[in-house]
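Colleague: Next up is a structure, given as structure tokens.
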Ligand SMILES: [Zn+2]
């Protein structure tokens, strides 16, 4: 049965749409640095030659991107449409370790860092579990390097379902974080007892689950129980009450 479903899904796979990348993206240079051309890398080159760096959920009618008015705004929407420039690096980044000596070295904007440590304290008090930020701020260059690694492993289209192009990642804002239970992979966070706790209480500290399970067609990314975004208590409460994503909120807001 599973094989049949797989065959059916392959047969209905959408043809590749030609698109222009929204940011300078030199995967060719990356591939040239690799000594051995595997079959997978050859396939990747073929896709690149067809100028199709996007996942099929990306709207082929949208080839333009919108610069973000205020990248410091707590409600700044950062996604495939709204991109950060390569120069953007928040000036108020702080290392969580300087605020909490037990926390691993990770950067966040000060307001998000303080809120996370309050949430961490609440989880410890109520569940006797320790959570931590496994990946906070990532620069444009770091994101580019990271995406390149994923793209070489899985191909650009698949990689872009779980990893963003540089400029399109919320991690560059310093307001997003991949959360893990201490001693576990962040990929396992969905099965941690801390996860339902965050789902119920994180909004009180200003955090939202950015890529929920049933919203992949809107966010463009797979369900990521580990990825939380700081938007401030007021907006987090509003989004929680309305059950909508930041992308949906933007559509209905005047921004
Ligand atoms: Zn993330």
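Colleague: How would 178, 75 line up from fewest to most surrounding beta-carbon atoms within 10 angstrom?
Modeller: Details: 178 21, 75 17.
Fewest-to-most ranking of 178, 75: 75, 178.
Colleague: At 10 °C and 1.306 mPa s, grab the translational diffusion coefficient of the stretch 174-254 from Stokes-Einstein with a Kirkwood Rh over Cα pairs, rounded to a whole number in µm² per second. Present the calculation step by step, with values, prior to reporting the outcome.
Modeller: On the way: Rh = 12.9 Å.
Once the numbers are plugged in, D ends up at 123 µm²/s.
Colleague: OK, next. List 249, 226 from most exposed to least, where exposure is judged by having the fewest other Cβ atoms within 10 Å.
Modeller: Values: 249 18, 226 23.
So the residues, fewest neighbours to most, are 249, 226.
Colleague: Based solely on C-alpha atoms, express the radius of gyration and the Dmax of the stretch 106-255 in angstrom.
Modeller: Radius of gyration, then largest Cα-Cα span, for the stretch 106-255: 15.0, 43 Å.
None of the figures in this text is laboratory data; all of them are computed from the coordinates on show. These numbers come from a predicted model, not from an experiment. Please note: Cβ atoms are built from the backbone with ideal geometry, for glycine as well, and neighbour counts cover all protein chains shown.
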